[in-house]
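Step one of this worksheet: look at the structure below.
The values are calculated or read from the model by the stated rules, or taken from the named source; none is laboratory data. The structure presented is a predicted model; accordingly, all values stated were derived computationally and were not measured. Cβ placement follows ideal geometry from the backbone for every residue including glycine, while neighbour counts extend to all protein chains displayed.
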Amino acid sequence: MLVGFLQVCTTSALNLKNLRFRVNAVNIAQAELEEIVALGSDGIDAVVLTPYVLSANVVIDEGPTGLPGDDLLGHMRLHIQEVAAAPLKGKKIWVTVTWNFMGSARTEMLQTAIYSPN
């Protein structure tokens, strides 16, 4: 019975840790998405050529010591693509954040589209 209880506690702790990582990854993606959406479709055209892909390393979770050696690192990819839905033109934007946890690749992705009149 004690072994079963310890397994439940360990599993629960790992699930909570994974949930924290997922929330942090979504927060990273949301912040990037909001920054790009704030530019608007025309503002994006002034800054980048589409299709556009940006890749960057990100810190999913800071470790307990505050030193970079125990941080959980991940990778963020920002994609911007032209979309046309007459009479509108716009951009499809999606952000993917990936990381490894317990030997498995994990991913969170957010996407949106913004349009402006032709």
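Structure data summary
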{"quantity": "Residue among GLU62, GLU34 that alone is at pLDDT 90 or above and of a type outside the set (Lys, Arg)", "calculated": "GLU34"}
{"quantity": "Given (1) at pLDDT 80 or above; (2) surrounded by fewer than 16 Cβ atoms within 10 Å (Cβ to Cβ); (3) of a type outside the set (Phe, Trp, Tyr), index of the condition GLY69 fails", "calculated": "(1)"}
{"quantity": "Filter result (free of Cβ contacts under 8 Å to residues at least 24 places away in the same chain and either in a strand (DSSP E or B) or among the β-branched types (Val, Ile, Thr) (or both)) within region 71-93", "calculated": "ALA84, LYS92"}
{"quantity": "Residues of region 97-118 satisfying the condition of being more than 29 Å from ALA84 (Cβ to Cβ) and not hydroxyl-bearing (Ser, Thr, Tyr)", "calculated": "TRP99, ASN100, PHE101, MET102, GLY103, ALA105, ARG106"}
{"quantity": "Residue, modelled with the lowest pLDDT, within region 49-59, restricted to residues that are surrounded by fewer than 16 Cβ atoms within 10 Å (Cβ to Cβ) and assigned to a loop (DSSP other than H, G, I, E, B)", "calculated": "LEU49"}
{"quantity": "Hits in region 28-38 - residues which are surrounded by fewer than 17 Cβ atoms within 10 Å (Cβ to Cβ) and either outside any helix (DSSP H, G or I) or of a type in the set (Asp, Glu) (or both)", "calculated": "GLU34, GLU35, ALA38"}
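One line per residue, one yes/no per condition, for (1) in a strand (DSSP E or B); (2) under 22 Å from VAL23 (Cβ atoms); (3) in contact with a strand residue (DSSP E or B) (Cβ under 9 Å, 6 or more places away or on another chain):
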| residue | (1), (2), (3) |
| --- | --- |
| GLY43 | no, no, no |
| PRO64 | no, yes, no |
| ASN100 | yes, yes, yes |
| GLN111 | yes, yes, yes |
